[in-house]
1. Taking the mean number of other Cβ atoms within 10 Å as a proxy for protection, how do you rank 192-199, 208-215 from highest to lowest?
2. Output ³J(HN,Hα) for the range 165-181: one whole-Hz value per residue in order, computed from phi by the Karplus curve 6.51 cos²θ - 1.76 cosθ + 1.60 with θ = phi - 60°, and x for Gly and Pro.
3. Report, in listed order, any pair from 112/222; 124/195; 64/186; 138/194; 139/222 with a Cα-Cα distance greater than 32 Å.
4. Ranked from highest to lowest mean number of other Cβ atoms within 10 Å per residue, what is the order of the peptides 114-124, 95-105?
5. Taking amide hydrogens as modeled 1.01 Å from N in the peptide plane, which residues meet the under 5 Å criterion relative to residue 182, leaving out close sequence neighbours?
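Throughout, read-outs are computed from the coordinates displayed, never taken from laboratory work. Model, not experiment: these values are computed from the prediction. When we count neighbours, we look across all protein chains shown, and the Cβ atoms used for this are built from the backbone with ideal geometry, even at glycine.
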Amino acid sequence: MKKLTANIKLMIDVVRVMIFVCFSQSVFAYSEKTSVADTIKQYPEVVQIINWQVERVAIDSTFKWHPEEIHIMCLGMKIKFKLPYEKDQSGVANLLFQSKESGEIHLLDTIKNNRRYYNWLSGKYDAILLYNNGKYIKKSDVTFEKNTSTEVDMGKDDVHTSDSESLHWLTLRTFNAAIDDRVIRKNYTIISEKKIRGYIFHNITGGPIWAWITATGIDGIKRESIATNINDGYFEFDIDDVINQPLNIFGIGCINQEINITVNSGLILVTEEYPEPVNPTSGPLRKKVQ
């Protein structure tokens with residue numbers, strides 16, 4: 001009986017994946033023409049079949065974000081920024097990067113045609129943790145390089161007082177700034193102030209993708225969430241101090257990512273596409289879409 005029950009649960013998970021794949025492929029075909037809100041109206045049966053809660057994320061201009069870490073993961077590169085406790089509690093506005101060569105300020109993303117894309121940084125930068133009150137912490141010589149793993153402790157550097165330069169940085173797009181409706185699908189009802197939030201991008205296009213995020217709590221309940229912001233790439237996952245496993249992130253056509261994050265944090269993830277199957281004599285088996 002236990003084996004039968006396990007097989008039934010496995011079949012349910014497989015069906016969910018199939019639904020997610022079919023749903024996402026349909027959405028990809030129309031993502032350039034259809035808004036997130038219209039997409040949800042067009043496919044209400046998917047929400048009913050999976051029986052997941054649909055949550056529209058309110059854009060609150062007064063929201064104060066206090067992450068403990070910010071992670072950047074791209075093409076084998078992993079950078080973990082450990083953030084200190086902010087005494088003023090004004091909240092984190094942004095994580096910026098100042099080029100060592102030009103002095104130019106870079107964000108982790110860029111906006112093109114009202115869509116969010118990953119900003120492909122390379123080389124050495126000074127990392128700037130900017131707070132909403134204009135104060136900031138600057139860490140010198142952070143390197144963006146493939147296949148490297150770095151931990152950056154921002155708490156070991158001085159907090160600078162607000163100045164004209166930092167006030168200008170506050171006019172730039174913030175980490176949490178939305179460019180589209182933010183809608184989260186999830187199979188749990190816990191709402192926590194502690195969340196893992198951020199953006200998921202595709203390594204080929206650099207643009208946002210649909211992603212399925214799962215983790216299991218100490219209560220044994222599997223929590224699942226789907227990032228459904230076609231133009232924005234935004235996701236969030238409530239942790240509520242009960243996650244005892246790494247996050248698993250599955251993007252359509254991409255390698256499954258297992259990420260060991262269990263605290264209130266930000267995440268910028270660039271997923272890797274599955275290697276293209278190749279016939280030794282005739283070349284790639286997958287037809288290129290023109």
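1. Numbers: 192-199: 18.8, 208-215: 23.2.
Most protected by this proxy first, the peptides run 208-215, 192-199.
2. Running phi through 6.51 cos²θ - 1.76 cosθ + 1.60 with θ = phi - 60° gives 5, 5, 5, 5, 4, 5, 7, 7, 4, 7, 4, 8, 4, 9, 10, 7, 4 Hz.
3. Numbers: 112/222 36 Å; 124/195 30 Å; 64/186 23 Å; 138/194 25 Å; 139/222 38 Å.
From 112/222; 124/195; 64/186; 138/194; 139/222, over 32 Å: 112/222; 139/222.
4. Working: 114-124: 16.0, 95-105: 14.4.
With the highest mean Cβ count within 10 Å placed first, the list reads 114-124, 95-105.
5. 57
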